[in-house]
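Scroll down for the structure; my scribbles are underneath it.
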Amino acid sequence: MPTSRALLVVVLAAVLAACKGQHEGPGTITGKTVPAEVIAARAESQKKALADLGAGDASAKQVLFGDLHVHTTYSVDAFMRTLPFMQGEGAHPPADACDFARYCSDLDFWSINDHAEGITPAHWQETKDAIRQCNAIAGDPRNPDLVSYLGWEWTQVGQTPETHYGHKNVIFHDTADDKVPSRPISARGGLLAQAFTQRPPFWQRIQYPLLDFWHRQRYYDFGNLQVEINAVPLCPKGVDVHQLPADCHETAETPDVLYEKLSQWGGDTIVIPHGTTWGFYTPPGSSWDKQLKGTMHDAEKQRLIEIYSGHGNSEEFRAWKDVDQDAQGKLTCPAPTKDYLPCCWQAGEIIRSRCADPKAPDCEERVVAARANYAAAGILGHRTVEGATIDDWKDCGQCRDCFNPSFTSRPRSSVQYTLAITNFDDPAKPRRFHFGIIGSSDNHSARPGTGYKEYARREMTEAIGPKDETWRARVFGTPEPPAPASRPTDEIPPGQAFRMVETERQVSFFMTGGLVAVHSNGRDRDAVWDALKRREVYATSGERILLWFDLLNGPNGGPLPMGSETTLVDPPRFRVRAVGSFEQKPGCPEYSLHALGADRIGLLCKGECYNPSDRRRLITRIEVVRIRPQVRPNEPVRELIEDPWKRFDCAADRAGCTVEFDDPSFILNGRPATYYVRAIQEPTPAVNAGGLRCDYDAQGNCTRVHPCYGDYRTPFDDDCLSPNEERAWSSPIYLSPAS
């Protein structure tokens, strides 16, 4: 006869087998059209700002704010963060994103961008329907309160620098079935995509419902999502998209294939790379040079790049390296500099600290091996050192002097680097990236535009973690004891998705997110889209700063706006105008409360909405960045990026700041030049602006970290606020001297 324990297991397994997961549906949109007087007041406030700045009617265009990077629980990783053991809130479907954008963050436009790797045919149809419904209640199509765009995220992760292309959002002008792809196109096959879409073994599927029985339904629902994803067969390769079965999963493993498939579908599409320096998934040594080769770049589709998001800042280039290469192409570990500590180097120091005699020859051998093992392991480098804690790693991999840097920043994938490099495969036609610059949230709880207030760190950022020590052990496994030597990559044991990457240390780098602003000729879908396509856009770190950046002496004698590209025979003259964002009042405006009701405001907006006062924050300075892109192969990039090239301190005037400048050396240099500006706002508290919050010694070395955890170790109501200089980045103006 079976033992009582075995019988209990059989009974529980039978109970669990009888319980069915439910399909994650699109939800119900609650809000209605925003009152017309509210929309009109936004436009009037901008006209007043220009008038107060002394610009009169210099610009007939409106500045509209949006978020082009939003996930719902249709994304597998977003669903995972809602699970009870991660202190999750439960489902946040597409309907939540529509209501949040309209009444919590008061955006003018947004797009949905769930990971294509996990979107089933049913979810894709529901996504299209939800976006159409969100647009249907927007009022007059010529003057809508909110424009909603359809899209997805192509989530490619290569395991080596040579195979890594990163993440790109795909956004469509249209929403009708006959004008958009029949299915999303994913990059399934990458490291993270595999981890989040593979169906786990039976015991792994039933253990969480068993251990958290009162919340078992949410785990069943997650299991059901995994079943739904894995039930969709892969589409055959090499077949025109129109000839593929309706219900297969379409893939493109590299950007050129993605562009080709989008071209086959037709329609107007924008592809936006994002999180380019985020080392969470970007292998050390990665560079954007390969993305300028041949068909890996489509200049018509890939016109914008995300410089800032809830995953930090991807702007700044630094000359230090996370790994190096020897003459044979093998990855090696560079020595630290005064402003950067490579993680591969710190891996060796952790092993050194475990030696009985740190000066012994065998200890040094283990130190050297640890550095080599880490360099060779890519994003799994942290797993080569068993038993290492967050404090052991100090601030390795982090940019110490960057603004809100992304976690373990990869500088040769930064926006500045992309604007400085040139491809000379065809010497007669050198190729360069000419991007417009945007910001986004990359929010994973259906909350577009989360940066309007700095609060609710766990809901408005991606900061999550187990609810107690017991669940932490279940999620990450029993902590490994410190080993006297590191292990090579092929000896790293397999682990859950949470252990494959540095899930805990990155939490201190999650921000509330950025915004994209467009200079638009109207509020309608076409006007916003046209502004995006012509790159008349700028990014903010979340605040609704107003920014204008113009070339005053264009070829026809008149001004040209940010995003322009032209040839000049005279030295360029520029003008910058910037106005600070409104200080916020607590709570939500009456029209939001009336539209959503107190309960939904509390659940979705966490009790706070965009609620501007009539007092603006100060712009403290304007910084100008000049980049002179490469004009010959292997020209050192470090010498081409001048940041800042010019700096202008602004008077303490809440009406804003205006500066003008020129570049007499442009014609003399006889080479192309790219200019963009930053408008810096007075310091205000912001979530996670302190990063790891290091203690530094007299030499500038991090001696101890004070991280903000996503789990129980940081109080749930601690927003980890630090002073932050919020800012706006203009799109560049691209100039070439006349022959």
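Annotation: the range 216-332 has a Kirkwood hydrodynamic radius of 18.0 angstrom, from the mean reciprocal C-alpha pair distance.
Going by a ≥ b ≥ c, the root eigenvalues of the Cα gyration tensor, does the range 401-508 fall in the rounded group (a/c under 1.5), the prolate group (a/b larger than b/c) or the oblate group? Provide the component values of the computation, followed by the final result.
Details: a/c = 3.05, a/b = 1.42, b/c = 2.16.
Judged from the Cα gyration tensor, the range 401-508 comes out oblate (a/c at least 1.5, b/c at or above a/b).
The value for the range 599-739 of Rg(Cα) / (2.2 N^0.38 Å) is 1.48. Straight-line reach from K293: taking Cα to Cα under 13 Å and skipping same-chain neighbours fewer than 8 places apart, the aspartates and glutamates in range are E162, D256, D425, D426. Note down the net charge around V631, summing +1 for each Lys or Arg and -1 for each Asp or Glu among other residues with Cβ under 11 Å from its Cβ. Within the 11 Å Cβ shell, the charges total +3.
Ranked highest first by the average count of other Cβ atoms within 10 Å around their residues, in what order do 433-445, 546-558, 480-492, 352-364 fall? Could the numbers behind the result be given before it?
On the way: 433-445: 27.2, 546-558: 18.1, 480-492: 14.0, 352-364: 12.4.
Answer by packing, highest mean first, reads 433-445, 546-558, 480-492, 352-364.
Suppose every K and R has +1 on its Cβ and every D and E has -1 on its Cβ; what is the size of the dipole of the chain about the Cα centre, in Debye to the nearest 20?
Working: 82 positive and 98 negative charges, 58 e Å.
Charge dipole of the chain: 280 debye, to the nearest 20.
How charged is the neighbourhood of R621? Take every other residue with its Cβ under 12 Å from the Cβ of R621, and add Lys/Arg as +1 and Asp/Glu as -1. Spell out each step's value before the answer.
On the way: positive: K646, R647, R678, R727; negative: E623, D649, E682, E725.
The answer is 0.
Remark on T332: its backbone amide H falls under 5 Å from those of D324, Q325, D326, a criterion applied only to residues 5 or more positions apart or on other chains, H modelled at 1.01 Å from N.
Quick one: which of K128/K261; K47/K585; K47/K301; K394/K606; K20/K467 span more than 30 angstrom between C-alpha atoms?
Working: K128/K261 19 Å; K47/K585 22 Å; K47/K301 33 Å; K394/K606 34 Å; K20/K467 25 Å.
The answer is K47/K301; K394/K606.
Would you mind putting 694-707, 248-261 in packing order, based on average other-beta-carbon counts within 10 Å, highest first?
Listed from highest to lowest mean packing, they are 248-261, 694-707.
Rounded if a/c is under 1.5, else prolate if a/b is larger than b/c, else oblate: which is the range 218-262, with a ≥ b ≥ c the root eigenvalues of its Cα gyration tensor? Intermediate values should be presented prior to the final figure.
Values: a/c = 3.79, a/b = 2.14, b/c = 1.77.
Prolate.
Between the listed residues T389, Y734, G670, the Cα displaced farthest toward the positive end of the dipole of the chain, a dipole computed from Cβ unit charges relative to the Cα centre, is found at T389. If we count other beta carbons within 10 Å of each Cβ, what is the order of D268, D298, fewest first? The fewest-first ordering by Cβ neighbours comes to D268, D298.
Positive end of the dipole of the range 32-178, charges at C-beta (+1 Lys, Arg; -1 Asp, Glu), about the Cα centre: which of F100, A55, S148 has its Cα farthest in that direction? Of F100, A55, S148, it is A55. If you take the charge dipole of the chain about its Cα centre, with +1 on Lys and Arg Cβ and -1 on Asp and Glu Cβ, which of A91, L68, A463 is farthest toward its positive end? My answer, from the dipole projection, is A463.
Which value results for Rg/Rh of the chain when Rg is the Cα radius of gyration and Rh the Kirkwood radius based on the inverse mean 1/r?
0.96
Sorted on the mean count of surrounding Cβ atoms within 10 Å across their residues, most packed first, peptides 273-282, 158-167 read 273-282, 158-167. The Cα atoms of the range 613-663 give a gyration tensor whose axes a ≥ b ≥ c have a/c of 1.5 or more with a/b greater than b/c, which makes the shape prolate. Mean projected area of the convex hull spanned by the Cα atoms of the range 379-458, taken over all viewing directions: 9.4 nm². Y696 label point, 7 Å along Cα→Cβ, cut-off 11 Å on backbone N: hits in the range 384-428? The answer is 400-402. The alpha carbons of the range 501-556 occupy a box of 54, 28, 22 Å along the principal axes, longest dimension given first.
Would you mind ranking K429, K467, K168 so that the residue whose beta carbon has the fewest other beta carbons within 10 Å leads the list? Before the final figure, lay out the partial values.
Details: K429 8, K467 16, K168 24.
Arranged by neighbour count, lowest to highest, K429, K467, K168 become K429, K467, K168.
Of the DSSP H helices in the chain, those that are both long (alpha-carbon extent of 18 Å or more along the helix axis) and hydrophobic (Kyte-Doolittle mean at least -0.5) are 4-18, 36-52, 361-376.
Taken together, the values in this text are just the output of simple stated rules run on the coordinates, not laboratory data. Note that the structure is a prediction, hence the values are computed from the model and not measured. Cβ: placed from backbone, ideal geometry, glycine included. Neighbour counts: every protein chain shown.
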